[in-house]
Amino acid sequence: MAKKTTEKEGGEKVPSKKSKKNEPALTPEMREEQIRLAAYYRWEQKGKNHGSDSDDWLEAEDTLTD
């Protein structure tokens, strides 16, 4: 089966992006794990401040649901 391609300006062919229909659905556990990791990395980037876990979680959740 051939991969779908699209043509860029100048005639260059590149692989086309998959539509969201082809992406597997995330289980609630997979989604929570992604949020947990994103929140952890946010916490690290902010200097590992204690007490910011709720804010970090909500920011990560907002980022991943856009």
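The values are calculated or read from the model by the stated rules, or taken from the named source; none is laboratory data. Given the structure is predicted, the values throughout are model-derived calculations rather than measurements. Every residue, glycine among them, receives a Cβ derived from its backbone with ideal geometry; neighbour counts consider all protein chains shown.
Data for the structure
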read-out: Pair list, Cβ < 6 Å and 6+ apart or interchain, from the range 40-66 residues that are under 20 Å from E29 (Cβ atoms) and among the hydroxyl-bearing types (S, T, Y) to residues that are part of a loop (DSSP other than H, G, I, E, B) and at pLDDT 90 or above; value: none
read-out: Selected residue (only one of T27, T65 is exposed (fewer than 10 other Cβ atoms within 10 Å of the Cβ), of a type in the set (V, I, T) and at pLDDT 90 or above); value: T27
read-out: Residue within the range 14-24 that is touching a Lys or Arg at 6+ places or on another chain (Cβ under 7 Å) and either at pLDDT 90 or above or surrounded by 10 or more Cβ atoms within 10 Å (Cβ to Cβ) (or both) present; value: yes
